[in-house]
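Trainee: Below is the structure I would like to discuss, written out as structure tokens.
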Amino acid sequence: MPRGPEHPGIPEDPSARVIPRRSVRALCARLRSEGKRIVFTNGCFDLLHAGHAQYLRRAAALGDVLLVGLNSDASVRRLKGEGRPVQRAADRAYLLASLSCVSYVTIFPEDTPARLIGEVIPHVLVKGGDWKGKKIVGSDVVRAHGGAVKTIRFLAGRSTTAILARVAGVRPQRPGSSGGRTGTSRSRRAS
């Protein structure tokens, strides 16, 4: 359970909102008993970017509590391949929990959030717009309990894969270079 700040004006420690998987069922039961509308989404969230922030803010607006299921490192590696994730799960969870729109984060080891959704039984299950018209994992469980399944359009041109591709295409500067034109020799510039 999140604690308030120890000193006025200092935000709470985001790690207090990273919930162990074994505690999710009890947390969600408590939230439901308090009349809270639970929204659930999941993903790798490897390199947090503006598209993620906008997506999560829109998801949070659909209820009272936003719970994010975060793929474990092994799960991301199986889904995205070697070299991923770029950041370890604990760091990704901390960053997500630092966003004011995210209420709780929990890490799951499976490749899909099916089991986790069965424990959460959210009022609203949210996925990105790329899932529109596709079978969304857990949608059957959510609908069977009277919940809704929503897709939210992504912010165009923002993705971890695109960021990594741009970074891979950047040529590093030579040591001692002042930053000008990378990869051009001094003698060539003089001519």
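Trainee: Quick check on ALA144: is it surrounded by fewer than 17 Cβ atoms within 10 Å (Cβ to Cβ) and within 18 Å of ARG37 (Cβ to Cβ)?
Mentor: In short, yes.
Trainee: Name the single residue, out of those in region 94-119 being among the hydrophobic types (A, V, I, L, M, F, W, C), more than 15 Å from ARG58 (Cα to Cα) and within 13 Å of the chain's Cα centre (by Cα), that is surrounded by the most Cβ atoms within 10 Å (Cβ to Cβ).
Mentor: Restricting to residues being among the hydrophobic types (A, V, I, L, M, F, W, C), more than 15 Å from ARG58 (Cα to Cα) and within 13 Å of the chain's Cα centre (by Cα), the top hit is VAL105.
Trainee: Another question, if that's okay. Are there any pairs with C-beta distances below 9 angstrom linking a residue in region 16-27 that is over 14 Å from VAL102 (Cβ atoms) and at pLDDT 95 or above to a residue that is of a type in the set (Gly, Ala, Ser) and open to solvent by less than 40 Å² (accessible area, probe 1.4 Å), with the two at least 6 apart or on different chains, and if so which?
Mentor: VAL24/GLY69
Trainee: Considering region 120-135 alone, what residues qualify as being at pLDDT 95 or above and open to solvent by less than 30 Å² (accessible area, probe 1.4 Å)?
Mentor: VAL120, PRO122, VAL124, LEU125, VAL126
Trainee: Further question on the same structure: With a cut-off of at least 1 residues that are of a type in the set (Phe, Trp, Tyr) and surrounded by fewer than 21 Cβ atoms within 10 Å (Cβ to Cβ), name the helices (runs of 4 or more DSSP H) lying wholly within region 1-93. Give the derivation first.
Mentor: Values: elements: 24-33, 50-60, 73-80.
Counting at least 1 such residues, we get no helices (runs of 4 or more DSSP H) at all.
Trainee: Considering region 136-159 alone, what residues qualify as being hydrophobic (A, V, I, L, M, F, W, C) and either modelled with pLDDT under 90 or outside any helix (DSSP H, G or I) (or both)?
Mentor: Hits for region 136-159 are ILE136, VAL137, ALA148, VAL149, ILE152, PHE154, LEU155, ALA156.
Trainee: Next question, about the same structure. Please work out if THR182 is modelled with pLDDT under 95 and either among the hydroxyl-bearing types (Ser, Thr, Tyr) or within 17 Å of TYR55 (Cα to Cα) (or both).
Mentor: Here the answer is yes, as THR182 does meet what is asked.
The values are calculated or read from the model by the stated rules, or taken from the named source; none is laboratory data. All values reported here derive from a predicted model rather than from experimental measurement. Virtual Cβ from ideal backbone geometry, glycine too; neighbours counted across all protein chains shown. Only protein heavy atoms, including side chains, enter the accessible area calculation; ligands, DNA and RNA are left aside. Shrake-Rupley method; radii C 1.70, N 1.55, O 1.52, S 1.80 Å.
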